[in-house]
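Where a number appears in this text, it was derived from the coordinates with a stated rule and is not lab data. These numbers come from a predicted model, not from an experiment. FYI the Cβ positions are ideal-geometry reconstructions off the backbone, even for glycines, and counts take in every protein chain you see.
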Amino acid sequence: MIQIQVLRDHSTWVKDKLIFRNFDKPYLVDEILELDQNRKVIKADAEKSQASINKLSKDYAALMQAKKVVEAEILKIELTELKALVQHAIDEVVGITVDIHERLVLLPNLPDAMVSYGKDADENEVIRQWQPENTVFSKGLKPHWELIEEYKLVSFELGSKITGRGFPVYIGQGAKLQRALTQYFLDFNIEAGYTEYIPPFMVNEASAFATGQLPDKDGQMYHATKDNLFLIPTAEVPVTNLYRDVLLKEAELPIKMTAHSPCFRREAGSFGKEVRGLNRVHQFEKIEIVQIVHPEKSEDTLTEMVNHVESLLRSLNLPYRILRLCSGDMGFTSSITYDFEVWSAAQERWLEVSSVSNFKTFQSSRMKCRFKDQAGKSQFPHTLNGSALALPRIFAALLEINQVDGGIKLPEVLRPYFGKEFIKK
């Protein structure tokens, strides 16, 4: 959440940044500042009235002590009227504060200086691209949905029967590959210094608000209305909220966390090739990395996390590219985001498998996570997160790229986890 002091000090700059990221309600800044000014005036008047009450209260006590009852009663009427005015002002301030908050939470994060202007994903900037040496993609490769059926790895029909479209059932070697990927990704993250957590897979409204899912993505989350709980769209939500309402010591930073979880997203996609098979589902598994760091360290931390995800993809021998998202394609909470896409050899298109983002103080201010610096001053830390990695499209790309006569040859790093070199019929 953008702090109101930033709006007070840099209103024109904030509005320019919001327009830069194609936010269609920059006028909210002016509305917030007008409400803030009204609140100040009302509070100032209330403070003057309170000062008068304090003085008149002393006068009233003196009159009562002097047994000047008539004068005291007249003064008491004036005191009662002033107290009513102060209470009305307090109520007005509370109402205005709510109005300000309701507008503040609608403002997205401000884009980092490195973010370029753009309206949509077509204008994202490719930072670098990689593929293993001597890689040749044959023509006529089978797409993963055909391989899944051929090797009996996943059933979309069973998932649809049990739950609905977009809820796949992994079977046999498919389930084993899913488990192998999960364990490998977690081990890779732990080796890099991340502490593993197994968080709840449902969160309350306060947690969903703290990381920016509410109110922005209300319609995309599965909501258990009876208990007012939300199924998580990513482990980022519960893991980051471990530090909601926490005052940290500077020495505790950085905090590095990783977690595996199912993810639930209602996102409705159009029918066709782009959402076929595992390209887009409503329930999938993902391993997340989250860091909470000193503001002076977050830029270096972002680079470190990008390099970490890149190393993970290289270890799988998957061709990938890294994109820096333009202003119009960034998520609501992000200040800067790098997307990773792997090459789908059969579909001949790029598939997003990870986003690595720096939220700066946007999440920490919403969840009231602070740390005390060496001078004893309380500050908001920066939060960052990334996917390391999302499984469905990794699963799909692995099948498509590694199909050979007689089976699917797994990357070397996965063989100890899977127990075999090949997936076979």
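See the values below:
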item	result
Per-peptide average of other Cβ atoms within 10 Å, ordering 285-293, 72-80 highest first	285-293, 72-80
Overall form of segment 225-367 per C-alpha gyration tensor (a/c, 1.5; a/b vs b/c)	oblate
Those aspartates and glutamates that a straight Cα-Cα span of less than 12 Å connects to residue 68, excepting residues fewer than 8 apart in one chain	59
Assigned charges on the beta-carbon of Lys, Arg, Asp, Glu; segment 1-106 dipole about Cα centre (debye)	360 debye
Net charge dipole size for the chain [Lys, Arg +1 and Asp, Glu -1 on Cβ; Debye, nearest 20]	780 debye
Phi to ³J(HN,Hα) by Karplus 6.51 cos²θ - 1.76 cosθ + 1.60 over segment 305-317, Hz, x for Gly, Pro	6, 4, 5, 5, 5, 4, 5, 5, 5, 4, 5, 8, 6
Cleavage-rule hits (trypsin sites (Lys or Arg not before Pro)) in segment 35-75: DSSP loop, at most 15 neighbouring Cβ within 10 angstrom	67, 68
Value at 222 nm in deg cm²/dmol, rounded to 500, when DSSP H runs of n ≥ 4 in the chain each add -39,500 (n - 2.57)	-13000 deg cm²/dmol
Under 5 Å, built H, 5+ apart or other chain: amide partners of residue 154	171
Charge dipole (the chain, unit charges on Cβ, about Cα centre) - positive-most of 72, 195, 93	195
Label-point separation in nm, residue 54 to residue 83, each point 7 Å along Cα→Cβ	1.7 nm
Distance violations [Cα-Cα > 27 Å] among 249/297; 43/360; 40/119; 15/40	43/360; 40/119
Lys/Arg +1, Asp/Glu -1 at C-beta; the chain dipole; positive extreme among 248, 180, 320	180
³J(HN,Hα) computed for each position of segment 120-133 - Karplus, 6.51 cos²θ - 1.76 cosθ + 1.60, integer Hz, glycine/proline x	7, 4, 5, 9, 5, 9, 6, 7, 7, 9, 8, 8, x, 4
Using alpha carbons only: equivalent-ellipsoid semi-axes of segment 207-250, gyration tensor based, whole Å	22, 11, 9
Dipole magnitude (debye, nearest 20) for segment 102-226, charges at Cβ of Lys, Arg, Asp, Glu	520 debye
Residue 69-residue 422 pseudo-label distance in nm [points 7 Å out on the Cα-to-Cβ vector]	10.9 nm
Rounded Å value of the spacing that divides the Cα centres of segment 299-348 and segment 59-104	59 Å
Value of relative contact order over segment 150-201, rounded to a whole percent, pairs C-alpha under 8 Å and six or more apart	26 percent
Built amide H within the under 5 Å cut-off of residue 354, gap 5+	340
Inter-centroid distance (Cα atoms) of segment 398-419 relative to segment 207-233, Å	37 Å
Listed peptides 209-217, 99-107 by packing density, highest first (mean Cβ within 10 Å)	209-217, 99-107
³J(HN,Hα) computed for each position of segment 98-113 - Karplus, 6.51 cos²θ - 1.76 cosθ + 1.60, integer Hz, glycine/proline x	5, 4, 5, 4, 4, 7, 4, 6, 8, 7, x, 5, 8, x, 5, 4
Rounded, prolate or oblate (a/c below 1.5 giving rounded, otherwise prolate when a/b exceeds b/c) for the chain by Cα gyration tensor	prolate
Packing rank of 395-401, 60-66, 378-384, where each peptide gets the mean count of other beta carbons within 10 Å, highest leading	395-401, 378-384, 60-66
